[in-house]
């Protein structure tokens, strides 16, 4: 990017560089979606189990889930990433950057989704629980047929919000050399010495992804308010 | 076991210094972020089109892009525009603006939660919009937004770790350098890093729960 001083100061954004590195950005875009999607699926599973554990009356299960959630939510994702990325090879286990990223993102988002699931379940009116038990359902059937379906509807907006956070968190995976959007920008910068074209293009791609999801979340919230 | 104690004893003094840097970054950025967030949050609902549009674009852009990308842009791209910052300025400034965008959303949600009757009553008393904000709306808003605000400040403390990637020697960078320099067990060192972040963040979390209970009782 050059600052060209003529009569007026104009900025020239070198689109040729963007065009030249378009394959890199496209691959990185799909890699970002890939790692976000896989992590989200696993995080949802972890979050569902964790949420159920957190509302459990069993003190041991409840405390284990609480410790997990508090530990993850009080430490930065970067620290968790370093712990996994440097810790596992030290004890001899080697993962690919993709797997390391998925593990770190799953554990991190899983804790936040645990809280979302827990608040969703607690938001279902108590009358539903009482009615189910009075019909004679056991805990498992009550959860499966009555409580969880209603909780699921409640938690969709915050879940979409959490997936936006997840997509933005993938940018830290550039540190462990996984070629997602931020790493693509770094590659462009390293090869062409054009930081603007690299980082701004990545920023625009992230913005498009997140903007679409944020609008979708707002649409879902409005629909929920109608009901 | 002795090995663990030995490594811990060697690394903890350095980690504590890093913890000081992290706390300093978080404090300065936090103060600026709250100020920026309140201004942007109020501007989001402004009747003046240009103020509303600028603050909306600011909030959308800073909430829709990762903090690391924002940091890289401020540190590597802005110099082409003539604005050069050192690592500390770039880190604190970007963090303040990043968290400010989230705080703006929190403030806006708080303002929209105040019943419209309050606003109408204030204006019918002859208050200017500025007085209405200062005397009626904002005191009620501040009470409502304290729990999510503290939550955002916890995220701010954790985001200071990302600033280490442009070179600031905060807690996590100290941990990383210790691991590389000494080649010792990274699990022990990073666990201590996590413990120190926990010591910084968990009290804030407990504080937010206590404040939420206290504010609920006041009603």
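The values are calculated or read from the model by the stated rules, or taken from the named source; none is laboratory data. For clarity, every value in this text was computed on a predicted model and none was experimentally measured. Counting neighbours? That spans all protein chains shown, and the Cβs are built from the backbone with ideal geometry, glycine included.
Of the candidates B:151, B:175, the single residue that is part of a helix (DSSP H, G or I), within 11 Å of chain A (Cβ to nearest Cβ), at pLDDT below 95 and farther than 23 Å from residue B:9 by Cα is B:151.
Can you confirm whether the range B:155-168 contains a residue that is farther than 24 Å from residue B:101 by Cα and facing chain A (nearest Cβ under 9 Å)? Checked the range B:155-168: no residue is farther than 24 Å from residue B:101 by Cα and facing chain A (nearest Cβ under 9 Å).
Checking each residue in the range B:181-195 for being facing chain A (nearest Cβ under 9 Å) and surrounded by fewer than 19 Cβ atoms within 10 Å (Cβ to Cβ) picks out B:185, B:187, B:191, B:195.
Within the range A:186-197, the set of residues being touching a residue at least 60 places away in the same chain (Cβ under 8 Å), at the interface with another protein chain (Cβ under 10 Å from one of its Cβ atoms) and in a helix (DSSP H, G or I) comprises A:195, A:196, A:197.
Matching residues to (1) touching a helix residue (DSSP H, G or I) at 6+ places or on another chain (Cβ under 9 Å); (2) free of Cβ contacts under 8 Å to residues at least 60 places away in the same chain:
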residue: B:10; (1), (2): yes, no
residue: B:18; (1), (2): yes, no
residue: B:50; (1), (2): no, yes
residue: B:73; (1), (2): yes, yes
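Of the helices (runs of 4 or more DSSP H) lying entirely inside the range A:81-185, the ones with 1 or more residues being surrounded by 17 or more Cβ atoms within 10 Å (Cβ to Cβ) and within 12 Å of chain B (Cβ to nearest Cβ) are found at A:97-123, A:148-169. Among the residues making up the range A:204-217, a single one is surrounded by 17 or more Cβ atoms within 10 Å (Cβ to Cβ) and more than 10 Å from chain B (Cβ to nearest Cβ): A:217.
Take the conditions at negative phi and within 10 Å of chain B (Cβ to nearest Cβ) and apply them to residue A:220. Does it pass? Criteria not met by residue A:220. Checking each residue in the range B:69-110 for being within 8 Å of chain A (Cβ to nearest Cβ) and within 14 Å of the chain's Cα centre (by Cα) picks out no residue at all.
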